[in-house]
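Worksheet: the structure to be examined is printed underneath.
The values are calculated or read from the model by the stated rules, or taken from the named source; none is laboratory data. Being a predicted model, the structure only gives us computed values, none of them experimental. All Cβ positions, even for glycine, are placed from backbone atoms using ideal geometry, and neighbour counts span all protein chains on display.
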Amino acid sequence: MQDPAHHGVVVEPSVPGSPAIEVRDLHKTYKLGEIQVHALRGISLAVEAGEFVAIMGMSGSGKSTFMNLIGCLDRPTRGTYCLDGRDISRVSKRDRSRIRNQKIGFVFQGFNLLPRTSALENAELPLLYAGVGRKQRIERASEVLRAVGLAGRERHHPSQLSGGQQQRVAIARALINNPSILLADEPTGNLDSRTSIEIMEIFQRLNQERRLTILLVTHEEDIARYAHRMVMFRDGRVQRDTPVADRSLAARILPTLGAADVEAAEEENHEGA
């Protein structure tokens, strides 16, 4: 299948019935001089297409290493990683780059926007690197900015946007290539409580409407409760993997806020209410 956003690059089809992400006995060891650091120690888990999964754990638990492997930024030392049913554990650096561009969008805590360019130009950047024509870049960037609630702010520079709006631009940029998987690393870490819920509303809506598979790294359990499932890492292993009971629903919480207390609103507006 070929997507015009990928500018002639052929996207390999998924294997029917396979999880979006499946890892088996995944290990990652780094060498620091003569010292070996075991960042991952046999991770096995599967994420179905359309799931929203929160990855939690203390610093050094292995969650960032895991996300780097899932995002094709690195290769495992041992074990297998299947993406849409295809084993990509040992593919070349060039092929990992191709897979990233075709299938994976990234959202980071620090936004990573170019300060002297507009929201539109920041959002279209992956298409510019891919050689997509100007007209198509503008159309697609305008579309994804609308999807994250930034219609009318296309020409604003980051310094003219709030932190939440900057994160929306970063989400739009992550969506520009129509990824099937979104990886979000502490996306609310620099945001206040209300803005964090607004970002969770976008993620939940994208997950529901587009069946976008989302992996979210967070230290905050209240943010993790917007996911379908929580996976707790400790010392490079999965300590706990459980569904979220009484899942928080951002679309219910936001209208109640105003001057109301955020924590009280979250308690009263979960999925079971």
One residue is enough: does region 208-220 have a residue meeting the conditions in contact with a strand residue (DSSP E or B) (Cβ under 7 Å, 6 or more places away or on another chain), within 13 Å of MET56 (Cα to Cα) and charged (D, E, K, R)?
no
Can you tell me which residue is surrounded by the most Cβ atoms within 10 Å (Cβ to Cβ) among those in region 125-141 that are farther than 17 Å from LEU206 by Cβ and small (Gly, Ala, Ser)?
ALA130
How many residues of region 216-249 are touching a Phe, Trp or Tyr at 6+ places or on another chain (Cβ under 6 Å) and either part of a helix (DSSP H, G or I) or at pLDDT below 95 (or both)? The answer is 0
Only one of these conditions is not met by ARG94: (1) of a type outside the set (Ser, Thr, Tyr); (2) free of Cβ contacts under 8 Å to residues at least 12 places away in the same chain; (3) surrounded by 20 or more Cβ atoms within 10 Å (Cβ to Cβ). Which number is it?
(3)
Return the residues of region 118-135 that are of a type outside the set (Lys, Arg), more than 22 Å from VAL217 (Cβ to Cβ) and at pLDDT below 95; say none if nothing qualifies.
LEU125, LEU127, LEU128, TYR129, ALA130, GLY131, VAL132, GLY133
Looking at region 32-54, can you tell me whether even one residue there is of a type in the set (Gly, Ala, Ser), at pLDDT 95 or above and not in a strand (DSSP E or B)?
yes
Any residue that is of a type in the set (A, V, I, L, M), over 30 Å from ASP222 (Cβ atoms) and assigned to a loop (DSSP other than H, G, I, E, B) - is there at least one of those in region 14-29?
yes
Of the residues in region 78-95, how many are assigned to a loop (DSSP other than H, G, I, E, B) and under 21 Å from the mean Cα position of the chain (by Cα)?
4
Counting only residues in region 175-210 that are within 25 Å of GLN136 (Cα to Cα) and β-branched (Val, Ile, Thr), the one surrounded by the most Cβ atoms within 10 Å (Cβ to Cβ) is identified as ILE176
